Amino acid sequence: MEMTGDVQSDRESDPELEGSWPVAEKAACALSKSFDAVVFDVLMVTPEQFATQITQLDLPVFRAIQPEELSGCSWNKKEKRTLAPNVVAFTRRFNQVSFWVVQEILTKQTLKIRVKVLGHFIKIAKKLQNVHNLHGLMAVISALQSTPVFRLSHTWAVLSRKDKVVFEKLQILMSKDHNYKQLRDYTNRLKITPCIPYLAAVLVRLVTVTGSRRPTSWVSIRDG
């Protein structure tokens with residue numbers, strides 16, 4: 001993905017984005033083979049469509065995970081690419097979505113557009129909850145909670161009250177407090193409803209039950 005001169009000059013003139021741009025550049029590089037932001041307008045795709053497409057990409061990767069990949073914390077060892085290749089792939093999906101969300105918000109040229117995009121991603125997160133893709137939901141929420149996005153105080157201040165309330169509720173649901181208790185309770189209430197779980201909550205629970213190594217947060221389980 002190429003950064004145009006117009007975007008660069010806007011970054012220099014927008015105090016709210018100071019200090020956040022390196023993260024946007026990193027995200028842009030990570031997604032450079034996916035699409036050109038000059039052509040692709042995230043606001044032209046509905047939250048429902050995004051939730052559906054993200055889920056369709058997540059599902060086959062999740063279903064490929066084998067039981068032995070989750071045993072003995074193999075997903076957190078140096079040999080993880082060999083011992084838990086599908087968990088690594090699932091992690092990569094998480095990172096791709098998170099970096100994409102951050103990049104889309106930070107590269108917008110005006111406050112008005114950033115507010116619209118931020119609200120759009122909150123709606124996408126809600127739709128991901130509706131289709132029970134908790135993995136994708138946490139990827140979006142983690143991006144919105146990241147320091148470069150969360151520090152955009154002017155953007156958050158102008159965000160609609162409705163979007164703020166939805167975001168606050170989703171933050172509570174996905175909180176890691178008490179080993180993701182809110183999320184585990186929510187997942188249990190789904191009973192037999194198909195879902196894509198937030199795997200970190202499962203792994204943390206597995207480690208706690210088996211008494212294995214101290215759990216590691218999902219965001220730190222990188223594929224690198």
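Every test in (1) within 22 Å of LEU59 (Cβ to Cβ); (2) at pLDDT below 95; (3) open to solvent by less than 50 Å² (accessible area, probe 1.4 Å) is passed by VAL207 save one, and that test is (1).
Beta carbons closer than 7 Å, at least 6 apart along the sequence or on distinct chains, pair a first residue in the range 127-146 that is in contact (Cβ under 8 Å) with a residue 40 or more places away in the chain with a second that is crowded, with 20+ Cβ neighbours inside 10 Å and part of a loop (DSSP other than H, G, I, E, B) for LEU134/TYR198; HIS135/TYR198; LEU137/MET174; MET138/MET174; MET138/TYR198. With respect to the stated conditions, LEU159 fails to be open to solvent by less than 50 Å² (accessible area, probe 1.4 Å), modelled with pLDDT of 95 or more and under 25 Å from ARG63 (Cβ atoms). Filtered by the rule that a residue be open to solvent by 40 Å² or more (accessible area, probe 1.4 Å) and either without any contact (Cβ under 8 Å) to a residue 40 or more places away in the chain or hydroxyl-bearing (Ser, Thr, Tyr) (or both), the range 182-196 gives GLN182, ARG184, ASP185, THR187, ASN188, ARG189, LYS191, ILE192, THR193. Listed by first and then second residue, the pairs linking a residue in the range 148-162 that is free of Cβ contacts under 8 Å to residues at least 60 places away in the same chain and hydroxyl-bearing (Ser, Thr, Tyr) to a residue that is surrounded by 12 or more Cβ atoms within 10 Å (Cβ to Cβ) and part of a helix (DSSP H, G or I), with Cβ atoms under 9 Å apart and 6 or more places separating them unless they lie on different chains, are SER160/VAL115; SER160/GLY119.
If you filter the range 103-119 down to residues that are over 14 Å from the mean Cα position of the chain (by Cα) and open to solvent by less than 20 Å² (accessible area, probe 1.4 Å), you find that the one that is nearest to MET138 (Cα to Cα) is GLY119.
The values are calculated or read from the model by the stated rules, or taken from the named source; none is laboratory data. What you see is a predicted model; the values in this text were computed from it and never measured. Cβ sites come from the backbone with ideal geometry, for glycine too, and all protein chains shown count toward neighbours. Each accessible area value is taken on the protein alone, full model and side chains, heavy atoms only, with ligands, DNA and RNA left out. Shrake-Rupley method; radii C 1.70, N 1.55, O 1.52, S 1.80 Å.
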